[in-house]
1. Can you give the helix-only mean residue ellipticity at 222 nm for the chain, where every DSSP H stretch with n ≥ 4 adds -39500 (n - 2.57) and the sum goes over all residues, rounded to the nearest 500 deg cm²/dmol?
2. Using per-residue counts of other Cβ atoms within 10 Å, averaged over each peptide, order 118-124, 62-68 from highest down.
3. Starting from the amide H of Gly150, placed 1.01 Å from N in the peptide plane, find each other amide H under 5 Å away whose residue is 5 or more places distant or on another chain.
4. Over its Cα atoms, what ratio of radius of gyration to 2.2 N^0.38 Å does the stretch 211-312 give?
5. Structure shown: which of Lys65/Lys190; Lys65/Lys291; Lys268/Lys290; Lys62/Lys244; Lys62/Lys190 lie over 25 Å apart, alpha-carbon to alpha-carbon?
6. Would you mind pulling out the separation of the Cα centroids of the stretch 290-312 and the stretch 203-282, in Å?
7. Could you give the Stokes-Einstein D for the stretch 121-233 in µm² per second, using the C-alpha Kirkwood radius, 10 °C, 1.306 mPa s?
8. Taking the highest mean first, how do the peptides 24-36, 47-59 order by number of other beta carbon atoms within 10 angstrom per residue?
Amino acid sequence: MRLVFAGTPEVAVPALDALIASDRHEVVAVVTRPDAPAGRGRRLVASPVAERAEEAGIEVLKPVKPRDEDFLARLREIGPDCCPVVAYGALLPKAALEIPANGWVNLHFSLLPAWRGAAPVQHAVLAGDEITGAATFQIEQGLDSGPVYGVITEEVRPTDTSGDLLTRLAFAGSGLLVATMDGIEDGTLKAVPQPAEGITLAPKIEVEDARIDWSAPALRVDRVIRGCAPAPGAWTVFRGERLKVMSGALAPGYDGGALAPGELAVTKKAVHVGTGSHPVELVWVQPQGKKPMKGADWARGVRIAAGERLGG
């Protein structure tokens, strides 16, 4: 099939690479979000998908909005058979959905109908799911509600961050997307409606959602730290300034005495903080305006007094 691939971030690149490598299909164009400011200089930078497409000599379309008539006209000229999508980042209008003969097929990183929305992997970690996966489905006007072509499953490991899990799903899901294109092309694959039961939503994780509640049990604190890594990053407050907690570790064997929620205990090699159950270790942190550092190094540097707490 002639394909127009839609995607934007780094997580979409493995799927694009897999489709480019396919000997059954041709990626004739890529749709991605417009260049965005990045870095200290805030200069405009192309998306990872745009950069990869340009390296491969593939036409890149960057509509400000997918309903722009110039974009729709160009898409009609290209005449794709199907448009595979991975993390494009914009809602597709009906006019765009109707152009390819086989529609738009999204690779979504959850086992639909669970975790429909922008942050399925983060919510799977936050909820403590033991199994998640990826699904390919036909895009329709509803939120991730279209019929499903295929799924793969993936174990959520006890120490997985959202970034770890998303990386594995991106590579495993790329094979699923290619197989879905193959099945659509040869007519052997039919989409099946999603069940009405088991629907859960996964809205974008906002910065305030990533604030750590130290009165929560250690297991919940650990999930927030892992679920919000690498973005937006779990955080707390220390001496009136924000402290990002980049990684932590459950410490059920801690024997340094009882700690109140948020209370800090520092040794030569580690710093622990109290929760609603047992303490957790702060492995890597990033003070406001500074570079990431080991939790123990940070704690020694700020000279924590007895009884000082995180949480403000």
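1. Details: 8 runs with 81 residues, N = 312.
The helix-only estimate for the chain comes to -7500 deg cm²/dmol at 222 nm.
2. Working: 118-124: 25.3, 62-68: 14.9.
Packing order, densest peptide first, comes out as 118-124, 62-68.
3. Long-range HN contacts for Gly150: Thr136.
4. On the way: Rg = 12.0 Å, N = 102, 2.2 N^0.38 = 12.8 Å.
Relative to the rule-of-thumb radius for its length, the stretch 211-312 sits at 0.94.
5. Over 25 Å apart, Cα to Cα: Lys65/Lys190; Lys65/Lys291; Lys62/Lys244; Lys62/Lys190.
6. 12 Å
7. Numbers: Rh = 15.7 Å.
Result for D is 101 µm²/s.
8. Working: 24-36: 19.0, 47-59: 17.5.
Packing order, densest peptide first, comes out as 24-36, 47-59.
The values are calculated or read from the model by the stated rules, or taken from the named source; none is laboratory data. No experiment lies behind these values; they were computed from the predicted model shown. Here Cβ is always computed from backbone atoms with ideal geometry, including for glycine, and neighbour counts include all displayed protein chains. Accessible surface areas use protein heavy atoms only, side chains included; no ligands, DNA or RNA. Shrake-Rupley method; radii C 1.70, N 1.55, O 1.52, S 1.80 Å.
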